[in-house]
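These notes concern the structure reproduced below.
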């Protein structure tokens with residue numbers, strides 16, 4: 001089986017938003033650039049200085065692994 005690698009934006013697609021489909025915790029490495037993402041319920045999540053993602057209203061908090069395990073994610077471009 002291939003070793004997982006850090007998720008980076010392909011050089012040949014610099015402006016194309018990335019998508020992460022629901023997966024088990026630990027199956028996909030955190031993206032190194034910490035993009036803002038939108039979830040299945042259209043909430044936008046922003047990375048905080050603490051390494052935790054937060055919604056704009058501050059009511060929801062989650063790690064990348066928790067977000068990836070709970071919902072599909074689309075990069076906010």
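The values are calculated or read from the model by the stated rules, or taken from the named source; none is laboratory data. Everything numeric here is computed off the predicted structure, so don't read it as measured data. Note that we place each Cβ from the backbone using ideal geometry, even for glycine, and neighbour counts take in every protein chain shown.
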Do we find a residue being modelled with pLDDT under 80, buried (at least 16 other Cβ atoms within 10 Å of the Cβ) and part of a loop (DSSP other than H, G, I, E, B) anywhere in segment 25-32? yes
Exactly one of (1) at pLDDT 70 or above; (2) touching a strand residue (DSSP E or B) at 6+ places or on another chain (Cβ under 6 Å) is unmet by residue 50. Its number? (2)
Can you list residue pairs whose Cβ atoms sit under 6 Å apart, with the first residue in segment 19-39 being more than 18 Å from residue 54 (Cα to Cα) and the second being part of a loop (DSSP other than H, G, I, E, B) and at pLDDT below 90? Count only pairs 6 or more apart in sequence or on different chains. 21/72; 22/72; 29/4; 29/6
